[in-house]
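Laboratory data are not the source of any read-out in this text; all were calculated from the coordinates shown. This one's a predicted model, so the numbers in the text were calculated from it and none came from an experiment. FYI the Cβ positions are ideal-geometry reconstructions off the backbone, even for glycines, and counts take in every protein chain you see.
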Amino acid sequence: MRLLAILIISALLFACAASNYSATIHSWDGADANMLIRQWGKPLEKIVTPDQTTYVFMTETWQPTAAYPPTQNYVMVVNHAGKTIGIALPQPNMRSDYSMYRCTTSFVANKNNVIVSSTYQGACYARDGLARVNP
């Protein structure tokens, strides 16, 4: 019963955080993309087409894991796109009681460099410094 309560509370907190993150990224609708880059930093990827430019940002966050399986005898190494690029043996300082959460956020700017849409995927949380300062 206690585990069920923890799962329900976690789901509610995640839903709240996701909705706050959605509001955060949509605060950039109509803003100049250069302003976004000044505030968020250099994007992981910039995809340019004749009609638009997509700016892709990614964050990784390590969080304590409430209940975790025994340490595996290997660790998958993935690149920024999530593709497995190798396998590594665990190091003595690696912690199996933490999990990594990844958030990928994309902003699309039109020919005039104005942000017209934004999307996100993964474990994304609103935090200070992400919302548009002067909407």
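A straight chain from LYS46 to VAL116 at 0.36 nm per residue would run longer than the Cα-Cα distance by 23.7 nm.
Distance between the pseudo-spin-label points of HIS26 and VAL133 (7 Å out from Cα toward the beta carbon): 2.4 nm.
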